[in-house]
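Comments concern the structure below.
The values are calculated or read from the model by the stated rules, or taken from the named source; none is laboratory data. Being a predicted model, the structure only gives us computed values, none of them experimental. No Cβ is skipped: glycine too gets one built from the backbone with ideal geometry, and neighbour counts run over all protein chains shown.
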Amino acid sequence: MKRFFRELSVLGALAAVLVGMAIFAPAFFSPQPLLSLLTREAPTLVVACGMACVIITRQIDISVGSMFSVCSVCAGLLAARGWPLLLVLPASVALGALLGAVNGLLVAGLRLPSIVVTLATMVTLRQGLNLVRQGEFVNLPDRIQWFGLSQMAGQLVLVGASVVFLVALALAMRHVAAGRFVYAVGTDAEAARLAGIRPQLVTFLVFIFIGALTGLAAMMNLAQSPQVQPLSGAGLELKVIAAVVVGGVAISGGRGNLWGAFTGLLLLACVSPALIHLHIEAYWEKAIQGAIILLAVVADGLRTRRLNR
Amino acid sequence: MSASPSTQTRRDWKALLTRHEMLLLYVLIAEWLFFYFAGTTTNRRGVVVGFGTLDRQFDILRHSCEIGLLALALTPVIITAGIDLSIGSLLGLCAILFGKLWHDGGLPIPVAAGLTLALGALAGGLNAILITALRLPPLIVTLGTYSLFRGLAEAITHGAITYTDFPASFLFVGQERWLGLPTQAWIFLGVALGVGLLVHRTTFGRAFRTIGFSPEGARYAGLPVARRLALVYVLAGLIAAIAAIIYTARLGQAKADAGTGYELFAITAVVLGGTSIFGGSGTVHGTLLGVAAIAVLKNGLACLPVVMRMNAAEEMSGLLTGALLLLALTAGVLPKILSRFRARHHAPAP
């Protein structure tokens, strides 16, 4: 109970928001809009899982938004050329993994700080994409949207897949050796090395992992609309990092879990529809999200201070 | 065995000529010459147009002032091993506050500008308090304020209002020349001189380096670490506010999206200029050279006929800036990697 105080407090905040919505704006809970909200957040959840792993190893990746856009556009172009979905999906994942490997090579191989490396790759990828595509949309063939199923079924598939993925990864992080390696490296890389783990290799693989997940998320996003926007990934990195940090994953590495990241994501995702239902101007969304991030880190700071005393 | 005086001098010269800043200067000169010859043309009426004209050079100076100011603000921050991602957003927020104070508040321009500077310093103070009092990592604090400041700017303007119709006397700051240079260049040079003196000629600057090198060591050496760190972030907020006013004067309008993405160019300029992202070392003149390198690249590309035909100056310059940053980072750690590699291969046989 005490060990998961941080995660439970976020859950409490989420519950408070939901109860508040139930009292003041019950329309929030009508099934179709709620399902649409969850569907929209499903790709974000997949990237957030990857980001949690990256932050637990005491790194950060702010190039996910650009990787997401690049994967979306490339996958869209392949799909538009008539590639079957079963080939486009692995292609997108592989492309994401490749881009992640570049980050991983620079961070783990050359020991450069991940924040600056991924800042550079973020801009390079985004501007490269703009240069090649000039902001053009990609029109997708009909069979891609909702995987050729009905909208309802497609939405359920996406939400279900993301939740299954979350549960599997969360359990793996706790019970599989590879997951414990990630925590070990983030807690103390030197101690991990002495224990026989290769920290640089773990870091490298984690960056490949988040790249692959971004490719997967791009596909999940692709299936939701008839065309691909080249800027679909803009701002994704902030959203995901905010969700993970709010969920109690410590930016100093080694602490936190995916359940927390999931709760944090839901809390932040509720802000925008809650504002609409409560008739508050939507322009406040970014400010409120920023305030929630600050609140979460301040809570962490106060807690560690009390523990150190 | 001490070296004779003449080899000593020669070695000094060699060290000076191969310093990071000197290398950057060579790159800058090469870059400038390339654009001078490739980007200058004569139009049909026989007038020289493009990169080589004096007007264009002033334009480069004019356009690099805001990013240059932010880079100056970031130099001490990065020297202390910190980072401030919020300055681009703070530029936007300050521009809006300035416009609102003048337009809706009815304050005269100098008063509004003074208040904006105070608010910028206050916003920097928010970062400073969170980072020093609660010992939170600067990266995540400024990521939060990055979102908060931009969000406040959007909330104040409802995402739509743009403040315009500033008086000509104010636009003079951003659009005219004074004593031969664009007016804002004088402000920029003044701030550069101030930050340069602070970092290189005072005990404060020495404290910044010590903190960046080892915060624990700085504390044992009796330095007031929290106060020095706070100063760095408050200063960054203040300079971002100055940049906001210059930005408003140059464009003649204050919008909520002012300065979006500027933090990236500023960080690139600082890192290009040889300031270590791990903290502990860096120079202000290096940052100035970094700013110049980026500004020349951006404007030079816009003058190249190939890029003009593709209409892709913005994208090309962003792409090359990102690549340049990666290159500078790699070049920075390469000697270390090579020596480690060499040490491994020349290890004595067991």
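Descriptive notes on the structure:
- Residue in segment B:129-143 that is in a helix (DSSP H, G or I), within 7 Å of another protein chain (Cβ to nearest Cβ) and over 19 Å from A:Gly301 (Cα atoms) present: no
- Of the helices (runs of 4 or more DSSP H) entirely within segment B:1-120, those holding at least 2 residues that are at pLDDT below 90, touching a helix residue (DSSP H, G or I) at 6+ places or on another chain (Cβ under 8 Å) and within 22 Å of B:Ala258 (Cβ to Cβ) occupy B:54-79.
- Of the residues in segment A:79-101, none is in contact with a Ser or Thr (Cβ under 8 Å, 6 or more places away or on another chain), of a type in the set (Gly, Ala, Ser) and within 14 Å of chain B (Cβ to nearest Cβ).
- Residue check, B:His200 within 14 Å of another protein chain (Cβ to nearest Cβ) and either of a type outside the set (D, E, K, R) or in contact with a helix residue (DSSP H, G or I) (Cβ under 6 Å, 6 or more places away or on another chain) (or both): no
- Verdict on A:Leu213 being surrounded by 21 or more Cβ atoms within 10 Å (Cβ to Cβ), in a helix (DSSP H, G or I) and either among the hydroxyl-bearing types (Ser, Thr, Tyr) or in contact (Cβ under 8 Å) with a residue 60 or more places away in the chain (or both): yes
- Residues of segment A:116-150 satisfying the condition of being away from chain B (no Cβ under 14 Å) and among the acidic types (Asp, Glu): A:Asp142
- Among the candidates B:Val296, B:Val284, B:Val307, B:Val271, the residue that is among the hydrophobic types (A, V, I, L, M, F, W, C) and in contact with a His (Cβ under 7 Å, 6 or more places away or on another chain) is uniquely B:Val284.
- Test: residue in segment A:162-182 that is in a helix (DSSP H, G or I), out of contact with any Phe, Trp or Tyr (no Cβ under 6 Å at 6 or more places or on another chain) and within 26 Å of B:Ile277 (Cβ to Cβ): yes
- Those residues of segment B:303-325 which are at pLDDT below 80 and under 9 Å from A:Gln127 (Cα atoms), in sequence order: B:Glu314
- Checking segment B:246-260 against the condition returns a match, with at least one residue being of a type in the set (Phe, Trp, Tyr) and in a helix (DSSP H, G or I).
- Those residues of segment A:50-91 which are in contact (Cβ under 8 Å) with a residue 12 or more places away in the chain and among the aromatic types (Phe, Trp, Tyr), in sequence order: A:Phe68
- Of all residue pairs spaced 6 or more apart or on separate chains, none has beta-carbon atoms under 7 Å together with a first member in segment A:169-187 that is under 19 Å from A:Ala212 (Cα atoms) and a second member that is polar (S, T, N, Q) and part of a helix (DSSP H, G or I).
- Single residue of B:Gly196, B:Gly190, B:Gly217 found to be assigned to a helix (DSSP H, G or I) and surrounded by 18 or more Cβ atoms within 10 Å (Cβ to Cβ): B:Gly196
- Residues (in contact (Cβ under 8 Å) with a residue 40 or more places away in the chain and either of a type outside the set (Val, Ile, Thr) or surrounded by fewer than 19 Cβ atoms within 10 Å (Cβ to Cβ) (or both)) located in segment A:116-127: A:Leu119, A:Met122, A:Leu125, A:Arg126
- Hits in segment A:218-272 (condition: within 11 Å of chain B (Cβ to nearest Cβ), of a type in the set (A, V, I, L, M), in contact (Cβ under 8 Å) with a residue 40 or more places away in the chain and surrounded by 23 or more Cβ atoms within 10 Å (Cβ to Cβ)): A:Ile241, A:Ala242, A:Val244, A:Val245, A:Val246, A:Val249
- Segment B:145-162, subset touching a residue at least 24 places away in the same chain (Cβ under 8 Å) and in contact with a Phe, Trp or Tyr (Cβ under 6 Å, 6 or more places away or on another chain), residue nearest to A:Lys239 (Cα to Cα): B:Glu154
- Selection within segment A:134-161 - surrounded by fewer than 17 Cβ atoms within 10 Å (Cβ to Cβ), modelled with pLDDT under 90 and either part of a helix (DSSP H, G or I) or among the charged types (D, E, K, R) (or both): A:Glu136, A:Asp142, A:Arg143, A:Phe147, A:Gly148, A:Gln151, A:Met152, A:Ala153
- Residue in segment B:193-200 that is free of Cβ contacts under 8 Å to residues at least 24 places away in the same chain and over 16 Å from B:Ala73 (Cα atoms) present: no
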